[in-house]
Amino acid sequence: MSELTKLTLKAALEGLAAKSFSAAELTQAHMAAVEAARPLNAFILETPEKALDMAKASDARRARGEAGPLDGAPLGIKDLFCTEGVRSTACSKILGNFQPTYESTVTANLWRDGAVMLGKLNLDEFAMGSSNETSAFGPVVNPWRANGGNAKLTPGGSSGGSAAAVAAELCLGATATDTGGSIRQPAAFTGTVGIKPTYGRCSRWGIVAFASSLDQAGPIARTVEDAAILLKSMSGHDVKDSTSLDVEVPDFPSFVGKSVKGLRIGVPKEYRVDNMPPEIEKLWEQGIAWLKEAGCEIVEVSLPHTKYALPAYYIVAPAEASSNLARYDGMRYGLRVDGANLTETYEQTRAEGFGDEVKRRILIGTYVLSAGYYDAYYLKAQKVRRRIADDFDQAFEKVDALLTPTAPSAAFALGEKSDDPVAMYLNDIFTVTVNLAGLPGMSIPAGVDANGLPLGLQLIGKALDEGTLFSLGGALEKAADFKAKPQPWW
Amino acid sequence: MAIDAATVRKVAKLARIAEPEDRLEPLARELSGILNWIEQLNEVDTDGVEPMTSVVHQGLPMREDVVTDGGDPDKVLSNAPKSAGGFFVVPKVVE
C-alpha cells in the first residue's frame with residue numbers, strides 16, 4: 001500500500017500545504033486502499049468519482065490560495081449521516097435506497113473546510129449495537145487479529161466501520177456517533193482515538209435519529225491531534241438543531257501538547273467491576289501512573305449510581321428510539337410492503353424493514369412508554385438519570401477529569417455475544433454514564449492484551465471542557481507510545 | 001415483571017410491527033430477560049428527584065415565525081415509494 005495512507009491527518013495536511021503531493025494523489029492512494037480492503041466490509045458504499053472530483057476541486061482551491069483547514073483530506077462518513085445525493089441507509093433495510101436531498105450539518109462543515117468523501121461506512125442498524133453485527137449489510141471485520149489466530153473479531157459498534165477504516169489506514173479519519181459508547185468502544189477495540197464531545201457541541205441535524213437526548217457526533221482518528229482537528233471542523237452552533245449549543249468552538253488542536261501538570265484526575269472506585277480482566281485493571285493502573293508522572297494529582301472519587309446507568313439507558317434509549325423510528329411508515333421514503341389495508345401496510349413494512357435488535361428495542365420502548373408502565377419504567381429511569389448526572393457534578397467539584405477503562409474487554413469474536421442481548425449491552429458499562437450526563441468522553445489506545453489486541457483508556461471531562469481532554473489525551477498518548485498496528489491480512 | 005405472549009402481541013400492535021404467532025413466546029422470554037435486568041433500578045431511592053429530560057442547560061431558542069424552507073415538492077417526493085401529480089400515493093385511509 002502507498003506510503004500516503006500511513007500518514008496522520010496532520011502530516012497529510014502539512015504535505016498538501018508543502019505541495020509534496022496533491023489531494024488527487026492522496027485520495028487515489030486511499031481509494032486503492034479502500035478497494036483492497038473490501039473483505040473488512042467497512043465501506044458499504046464507495047464514492048470514488050465523487051472523491052476524485054472533490055480532490056481535484058481541493059487542488060484547484062489550494063492553487064488559488066484558498067485552502068481550508070481540512071483541504072484535500074480523504075475521510076470516511078458513517079452511514080448515519082445524510083449526504084446529499086448519496087445513498088444513506090443507517091444500515092437498515094427500511095431506508096432502502098434513500099437518497100437525501102440535503103446534507104447533514106456535520107458533514108457540510110467538513111466539506112466547507114475542504115475534506116474529501118471516500119464513501120459511507122458500515123454501522124449497527126440505526127446505531128443499535130456494540131459489535132456491528134446488527135447491520136443489514138453484514139458485520140465489519142476488525143483489521144486486528146489475535147496473535148497467531150485468524151478468527152474474525154468484531155471492531156465494536158456501532159461505529160465499527162469508522163473504527164475499522166481508520167485502523168486499517170483506509171481513510172485519514174472518520175465521522176462517527178455515540179449514543180451509549182458507539183465512538184469510544186470501537187476506538188478501544190481497534191487501537192484508534194475516538195471522542196464523543198459534550199452533548200450539543202455538534203449539530204444532530206441530518207444525522208438519522210436513534211435516541212435524541214443521547215446521540216452525539218464525533219470523530220475517530222489515529223492520533224489525539226487528528227481527532228482535535230476533525231472535532232474543530234465538525235462542531236459549531238446550528239439553528240437547525242434546537243439542542244445545539246450556542247457557544248464558541250475552542251481551537252481544540254492547540255490543547256494537544258499542553259502541560260497537564262497540577263490537574264486533578266479522579267479515579268471512580270465503582271468502575272472496578274466484578275470479573276474485570278486483570279489486564280484491563282493493570283492498564284488502568286498504568287494510565288494512573290502515566291498521568292502522575294506527567295504531574296497530575298490522582299484522587300479517588302465515588303460515582304455511586306454507576307451500576308444503574310446501563311439499565312436506565314435501556315429504558316431511556318429504547319423509549320426515544322420507539323418514538324423516533326415511528327417515522328418509518330413506508331409512506332414518504334424507504335421500503336413499503338403493501339398489505340390489505342393501511343395498518344397492515346405499516347405492520348408489514350416495519351416487520352420486513354427492521355432487523356431483530358431494532359425491533360426488540362422498539363418493543364421495549366413502546367412497552368415502557370405504554371399506559372400503566374410509564375411511571376414505573378420511564379419516569380423512574382429519568383430520575384435515576386438525574387442521580388447519575390448529580391454523581392458527576394459532585395465528582396467534578398473535586399477533580400478536573402476522570403480516568404477509566406473504555407471497555408470491559410478487548411475485541412471479541414464475531415458471533416460470541418450475539419445471542420445474549422444483556423451480555424452485549426454490558427460492553428457499554430464504562431461509556432454509557434457519559435451519554436446520560438451529556439459529558440465529553442475520549443478513548444485513547446494505551447496498550448495491548450496478551451493476545452496482542454488493543455485496549456483503550458477513557459478520559460471523561462466536564463461539560464464543554466474537551467480542551468482538557470485533548471491535553472490529557474495527548475499526555476497519555478505520549479506516555480503510552482502506542483505503536484502496534486494491525487498486520488494487513490485482507 | 002415478566003411479559004407474556006399476549007402483552008407482546010399488544011405492544012407489537014401499538015408499535016405497528018407484524019410479529020408472527022410463533023415469535024410471540026420467544027420475544028416474551030427475551031423482553032422479560034431484559035426487563036428483569038432493568039428491575040434493579042428499584043433499588044435506587046428517587047424520592048423527590050426531578051426527572052431529567054435534557055442535559056442541555058438552556059431554554060429552547062425562539063425565532064421569528066416566518067417560512068424558512070419549502071416550496072420544493074419534487075425534492076420532498078423524490079424518495080417516495082409511490083407518488084403521482086405532486087402527491088404521495090398512500091393506501092386508502094377513510095372507508
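All but one of (1) more than 14 Å from chain B (Cβ to nearest Cβ); (2) out of contact with any Asp or Glu (no Cβ under 7 Å at 6 or more places or on another chain); (3) of a type in the set (D, E, K, R); (4) in a helix (DSSP H, G or I) hold for A:Glu270; which doesn't?
(1)
Residue under question is A:Ala63, and the condition is that it be crowded, with 19+ Cβ neighbours inside 10 Å, modelled with pLDDT of 95 or more and hydrophobic (A, V, I, L, M, F, W, C); does it hold?
Against the criterion (crowded, with 19+ Cβ neighbours inside 10 Å, modelled with pLDDT of 95 or more and hydrophobic (A, V, I, L, M, F, W, C)), A:Ala63 does not qualify.
Among the residues of the range A:290-333 satisfying the criterion of being within 30 Å of A:Lys478 (Cα to Cα) and acidic (Asp, Glu), which is farthest from the other protein chains (Cβ to nearest Cβ)?
Filtering first and then ranking leaves A:Glu293.
Can you tell me which residues in the range B:28-39 are within 7 Å of chain A (Cβ to nearest Cβ) and either among the aliphatic types (A, V, I, L, M) or loosely packed, with under 10 Cβ neighbours inside 10 Å (or both)?
Within the range B:28-39, B:Leu31, B:Ile34, B:Ile38 meet the criteria.
Only one residue in B:Ile17, B:Ile34 is modelled with pLDDT of 95 or more and under 24 Å from the mean Cα position of the chain (by Cα), so which one is that?
Result: B:Ile17 is the single residue among B:Ile17, B:Ile34 that is modelled with pLDDT of 95 or more and under 24 Å from the mean Cα position of the chain (by Cα).
Restricting to the range A:39-68, what's the tally of residues that are part of a helix (DSSP H, G or I) and in contact (Cβ under 8 Å) with a residue 12 or more places away in the chain?
So the answer is 13.
Name every residue in the range A:97-139 that is part of a helix (DSSP H, G or I) and of a type outside the set (Gly, Ala, Ser), in order of residue number.
Of everything in the range A:97-139, those that are part of a helix (DSSP H, G or I) and of a type outside the set (Gly, Ala, Ser) turn out to be A:Thr105, A:Val106, A:Thr107, A:Asn109, A:Leu110, A:Trp111, A:Arg112, A:Glu125, A:Phe126.
Say we look at the range B:40-68 and pick out the residues that are at negative phi and among the small types (Gly, Ala, Ser); which of these is farthest from the other protein chains (Cβ to nearest Cβ)?
Going through the qualifying residues, I end up with B:Gly59.
Quick check: anything in the range A:180-193 of a type in the set (D, E, K, R), touching a Cys at 6+ places or on another chain (Cβ under 6 Å), touching a residue at least 12 places away in the same chain (Cβ under 8 Å) and part of a helix (DSSP H, G or I)?
no
If you go through the range A:386-438 one residue at a time, how many are more than 14 Å from chain B (Cβ to nearest Cβ), in contact with a Phe, Trp or Tyr (Cβ under 9 Å, 6 or more places away or on another chain) and not polar (S, T, N, Q)?
Adding up the residues that qualify gives 9.
State whether the residues of the range A:423-435 include one that is small (Gly, Ala, Ser), under 17 Å from the mean Cα position of the chain (by Cα) and more than 21 Å from A:Pro197 (Cβ to Cβ).
Among the residues of the range A:423-435, not one is small (Gly, Ala, Ser), under 17 Å from the mean Cα position of the chain (by Cα) and more than 21 Å from A:Pro197 (Cβ to Cβ), which makes the answer no.
I need the full set of residues from the range A:418-460 which are small (Gly, Ala, Ser) and outside any loop (DSSP other than H, G, I, E, B), in order please.
If the condition is that a residue be small (Gly, Ala, Ser) and outside any loop (DSSP other than H, G, I, E, B), then A:Ala423, A:Ala437, A:Gly441, A:Ser443, A:Ala446, A:Gly447, A:Gly456 are the ones that fit.
A:Asp226 is checked against (1) of a type in the set (D, E, K, R); (2) surrounded by 24 or more Cβ atoms within 10 Å (Cβ to Cβ); (3) assigned to a loop (DSSP other than H, G, I, E, B) and fails just one. What number does that condition carry?
Here A:Asp226 clears every test but (3).
The values are calculated or read from the model by the stated rules, or taken from the named source; none is laboratory data. Everything numeric here is computed off the predicted structure, so don't read it as measured data. So basically every Cβ, Gly included, is an ideal-geometry build from the backbone, and we count neighbours across all protein chains shown.
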